[in-house]
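Enquirer: Pasting a structure here, questions to come.
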Amino acid sequence: MAMIDEPLYPIAILIDELKNEDIQLRLNSIRRLSTIARALGEERTRKELIPFLSENNDDDDEVLLAMAEELGVFIPYVGGVEHAHVLLPPLETLCTVEETCVRDKAVESLCRIGAQMREADLVEWFIPLVKRLAAGEWFTARVSSCGLFHIAYPSAPELLKADLRSIYGQLCQDDMPMVRRSAASNLGKFAATVEQSHLKSDIMSIFEDLTQDDQDSVRLLAVEGCAALGKLLEPQDCVAHILPVIVNFSQDKSWRVRYMVANQLYELCEAVGPEPTRSDLVPAYVRLLRDNEAEVRIAAAGKVTKFCRILNPQLAIQHILPCVKELSSDSSQHVRSALASVIMGMAPVLGKEATIEQLLPIFLSLLKDEFPDVRLNIISKLDQVNQVIGIDLLSQSLLPAIVELAEDRHWRVRLAIIEYIPLLASQLGVGFFDDKLGALCMQWLEDKVFSIRDAAANNLKRLAEEFRSDWAMQHIVPQVLEKINNPHYLYRMTILHAISLLAPVMGPDITCQKLLPVVINASKDRVPNIKFNVAKVLQSLIPIVDQSVVENTVRPCLVELSEDPDVDVRYFAVQALQASDQVMMSS
């Protein structure tokens, strides 16, 4: 009897758990659907499990979302592609629920299933589903249908294709703005599957309706359609149909639409080509850079370098640079920040002369901006300017500002400067570095912020690698070791960290002669945190120094620390001793 009842058991549990009041049990049950389907076998999954799921009217969105996701990968459990259509009814129901994320997931799963279905099955099952949803009484069904047309259309016979195009056109004129929004955002995907002959007639008229919609939320999605359709049309059609729309959108009464144009402008330029960009889109872009809404200026400022690359330097200097100058003193700090993050990229586009004359003053004003993010964005891209104007000019004009920022009150600005130092050092060379930046690097080891001290220690290691160990022996090691007697234990810990980073670069001789004695001495410190950090540093030095040094100097110190009253010191000392044993055994 038990043998006969066994296959019924999973479905009975599933039914019980799916009706349970506890949402977690219902969720777990849905997430185990594939296991249950395997236990039932393909036929019973098709005949019992899927119909049960179709009827399951759970009211919790989390359960429905999990179900929509599971069904998307369910084809193997219902007997493969030839039976894929049985998964459509439960997903069709989920396409009509109120919660957006459930509908989106159901549409995604339907697309995944539709992409694997055979052509005949698509015509028989999938296309009628799309048409049912598109004619749905409730707007949620119509919203979901828009995301399925690009899967249904390629397999449809000619008559059905015309039908689908006409239905999509109706959805674009639906009474509900949500439906029109969905139609606008999916238009690019649908258009990509439509034949070239119908693209100009049907799709372009649909698109033109959307661009004149009275809801700005629909128009701003039509902006994305401009870029998508522009890539599908011939260049001359693109100029005739898409370009006027972009120009109109750049003057739209809604700032959200203008913001979308500013955000997508580079893609739109690629769609219409270089000539129309120069004649029609440059004035539109200049308007956006001078827009009265800060959000639009932010989006436009962020694209300034990309846009300049499309133009020749002359046009960029003539039209874009005056706007950039205005933006560098914009009343909104976020506009200045967006500009600062990309303005350095303009240097290679404009060339040496224009950069020195026009851009350098703007860089300097942004480097002295009161808002830390603006200064940060400039610092992080300095190397792009150096490639154009050369190190001499950079050091004369920008270095004083950099040195000033090294003591900035905002620690993130100081951190950005530290991370830039090795690059600056490699470009400036040893002599210049010693004069201007050497003292700064030591100063950061005693910063109040841990992240700065940590970065300063890493910075010393990178400098030692850049300028070699002889230079480091003269200019880094003595100054670092001096600081081990700092009265504050946190600064002494930073020095230990710096020693552990410098040792591999300096090599075994200098480590044994100069660095190791300082570490051994620090093991007598009165603060336990220093002592267990000594144990960690000694462990990192074991592979670097000779075996005899480990035996005679390192191990005795670790043995002493392993008997320390503090439990953490003992723990790290024992760890280091074990590491030393392993090194000895392997050698």
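Enquirer: Quick one: which of Lys461/Lys524; Lys303/Lys381; Lys189/Lys303; Lys461/Lys483 span more than 19 angstrom between C-alpha atoms? Provide the component values of the computation, followed by the final result.
Expert: Details: Lys461/Lys524 26 Å; Lys303/Lys381 16 Å; Lys189/Lys303 25 Å; Lys461/Lys483 16 Å.
From Lys461/Lys524; Lys303/Lys381; Lys189/Lys303; Lys461/Lys483, over 19 Å: Lys461/Lys524; Lys189/Lys303.
Enquirer: Assuming a ≥ b ≥ c are the square roots of the Cα gyration tensor eigenvalues, decide whether region 87-136 counts as rounded (a/c under 1.5), prolate (otherwise, with a/b larger than b/c) or oblate. The partial results should precede the final answer.
Expert: Values: a/c = 2.62, a/b = 1.52, b/c = 1.73.
Verdict is oblate for region 87-136.
Enquirer: Over the heavy atoms of Met473, what accessible area does a 1.4 Å probe trace out, to the nearest 10 Å²?
Expert: Only protein atoms counted, so the area is about 50 Å².
Enquirer: Report Rg(Cα)/(2.2 N^0.38 Å) for region 126-210, keeping two decimals.
Expert: 0.97
Enquirer: Work out from phi, with θ = phi - 60° and the Karplus expression 6.51 cos²θ - 1.76 cosθ + 1.60, the ³J(HN,Hα) of each residue of region 268-279, listed in order in whole Hz, and give x for Gly and Pro.
Expert: Result, ordered by residue: 5, 4, 4, 5, 8, x, x, 5, x, 4, 5, 7 Hz.
Enquirer: What percentages make up the Cα-Cα pair-distance distribution of region 495-567 when the bins are 10 Å wide from 0?
Expert: Bins of 10 Å from zero give 21, 58, 20, 1 percent of pairs.
Enquirer: Here's a follow-up. If we count every other residue with Cβ under 14 angstrom of Ala456's Cβ, Lys/Arg +1 and Asp/Glu -1, where does the sum land?
Expert: Computed value for this residue: +1.
Enquirer: Okay, next question. Ignoring ligands, DNA and RNA, what percent of the accessible area of the chain is carbon or sulfur (1.4 Å)?
Expert: Values: 13340 of 26380 Å².
Answer for the chain is 51 percent, counting heavy atoms of protein chains only.
Enquirer: Hey, any idea what Rg/Rh is for region 16-76, computing Rh the Kirkwood way over Cα pairs? Provide the component values of the computation, followed by the final result.
Expert: On the way: Rg = 11.0 Å, Rh = 11.8 Å.
Using only Cα positions, Rg/Rh for region 16-76 is 0.94.
Enquirer: Right, another one. If amide H atoms are built 1.01 Å from N in the plane of the peptide, which residues on other chains or at least 5 residues away come under 5 Å of the amide H of Gly79?
Expert: none
Enquirer: Loop-only trypsin sites (Lys or Arg not before Pro) in region 233-270, please: DSSP not H, G, I, E or B, and at most 11 other Cβ atoms within 10 Å. Could you put the intermediate results ahead of the total?
Expert: Values: sites: Lys253, Arg256, Arg258; in loops: Lys253.
Here the sparse-neighbourhood loop sites are Lys253.
Enquirer: Then there's this: Could you tell me the calculated FRET efficiency between Asn292 and Cys111, based on Cβ-Cβ distance and R0 = 45 angstrom, to the nearest 0.05? Don't jump to the answer; show the numbers that get you there.
Expert: Values: r = 41 Å, r/R0 = 0.91.
The formula returns an efficiency of 0.65 here.
Enquirer: Using 0.36 nm per residue of separation minus the Cα-Cα distance, give me the extension gain between Asp104 and Asn248 in nm, one decimal.
Expert: Numbers: separation 144, 0.36 × 144 = 51.84 nm, distance 3.15 nm.
Between Asp104 and Asn248, full extension yields 48.7 nm more.
Enquirer: Using the alpha-carbon centroid of each, what span in Å lies between region 14-83 and region 109-173?
Expert: Taking the Cα centre of region 109-173 as reference, the centre of region 14-83 is 24 Å away.
Enquirer: Another one. Within 10 Å, count the other beta carbons around each residue, average over each peptide in 451-458, 141-148, and list them highest first. Please list the in-between numbers first.
Expert: Details: 451-458: 19.4, 141-148: 25.4.
Per-residue Cβ counts within 10 Å, averaged per peptide and sorted highest first, yield 141-148, 451-458.
Enquirer: From the backbone phi of region 553-562, what are the Karplus-calculated ³J(HN,Hα) couplings (6.51 cos²θ - 1.76 cosθ + 1.60, θ = phi - 60°) in whole Hz, Gly and Pro given as x?
Expert: In residue order, the calculated couplings are 10, 5, 4, x, 5, 5, 4, 4, 5, 6 Hz.
Enquirer: Another question, if that's okay. Subtracting the Cα-Cα distance from 0.36 nm times the residue separation, let me have the gained length for Met176 to Lys536 in nm, one decimal. Don't skip to the answer; put the middle values down first.
Expert: Numbers: separation 360, 0.36 × 360 = 129.60 nm, distance 6.62 nm.
That pair, Met176 and Lys536, stretches by 123.0 nm at full extension.
Enquirer: 5 Å is the cut-off here: which amide hydrogens, built 1.01 Å from N in the peptide plane, fall below it relative to Gly136, excluding neighbours closer than 5 in sequence?
Expert: So Gly136 has HN proximity to Arg142.
Enquirer: Then there's this: Taking the Cα centre of the chain as origin and charging only Cβ (+1 Lys, Arg; -1 Asp, Glu), how large is the dipole, in debye to the nearest 20? Don't jump to the answer; show the numbers that get you there.
Expert: Working: 57 positive and 81 negative charges, 345 e Å.
It comes to approximately 1660 debye.
Enquirer: Scattering from the C-alpha atoms of region 432-587 alone, worked out with Debye: what is log10 I(q)/I(0) at q = 0.14, 0.17 1/Å?
Expert: These q points yield log10 I(q)/I(0) values of -0.67, -0.96.
Enquirer: Using θ = phi - 60° and the Karplus form 6.51 cos²θ - 1.76 cosθ + 1.60, what ³J(HN,Hα) does each residue of region 351-365 get, whole Hz, x for Gly and Pro?
Expert: Karplus-based 3J(HN,Hα) across region 351-365 equals x, 4, 4, 5, 5, 5, 6, 9, 7, 3, x, 5, 4, 4, 5 Hz.
Enquirer: So for region 471-510, what are the equivalent ellipsoid semi-axes in whole Å, largest first, each being the square root of 5 times an eigenvalue of the Cα gyration tensor?
Expert: Working: eigenvalues 74, 25, 8 Å².
Value: 19, 11, 6 Å, ordered largest first.
Enquirer: Still on this model: With every protein chain present, what is the per residue accessible area of the chain (1.4 Å probe, Å²)?
Expert: Working: 26380 Å² over 587 residues.
Accessible surface, normalised per residue, equals 45 Å².
Enquirer: How long, wide and thick is region 163-214, going by the Cα atoms along their three principal axes, in whole angstroms, largest first?
Expert: Here the spans come out as 29, 18, 17 Å, largest first.
Enquirer: I would also like to ask the following. Calculate the radius of gyration of the Cα atoms of region 227-303 to one decimal place, then report Dmax, the largest Cα-Cα distance, as a whole number, both in Å.
Expert: Rg, Dmax (Cα atoms, Å): 11.7, 35.
Enquirer: For Glu353 and Gln474, what is the calculated FRET efficiency with R₀ set at 41 Å and r taken between the beta-carbons, to the nearest 0.05?
Expert: Details: r = 40 Å, r/R0 = 0.98.
E between Glu353 and Gln474, to the nearest 0.05, is 0.55.
Enquirer: Give me the angle, in degrees from 0 to 90, between the Cα long axis of helix 61-71 and the longest principal axis of the Cα atoms of the chain, rounded to the nearest 10.
Expert: Result, in degrees: 80.
Enquirer: Translational diffusion coefficient of region 156-262 at 20 °C, 1.002 mPa s, Stokes-Einstein with Kirkwood Rh over Cα pairs, in µm²/s as a whole number.
Expert: On the way: Rh = 13.9 Å.
My calculation gives 155 µm²/s for D.
Enquirer: Here is a follow-up. State which stretch of the chain is the longest one without any exposed GluC sites (Glu not before Pro), exposure meaning a DSSP loop state and at most 16 other Cβ atoms within 10 Å.
Expert: Values: sites that count: Glu21, Glu98, Glu99, Glu137, Glu195, Glu293, Glu370, Glu407, Glu563.
It works out to 408-562.
Enquirer: On alpha-carbon atoms, Rg over Rh for the chain using Kirkwood Rh?
Expert: On the way: Rg = 33.7 Å, Rh = 30.0 Å.
Ratio of gyration radius to Kirkwood radius: 1.12.
The values are calculated or read from the model by the stated rules, or taken from the named source; none is laboratory data. Everything quoted here is computed from the prediction, not taken from an experiment. Virtual Cβ from ideal backbone geometry, glycine too; neighbours counted across all protein chains shown. Please note that ligands, DNA and RNA were not included when accessible areas were found on the heavy atoms of the full protein model with its side chains. Shrake-Rupley method; radii C 1.70, N 1.55, O 1.52, S 1.80 Å.
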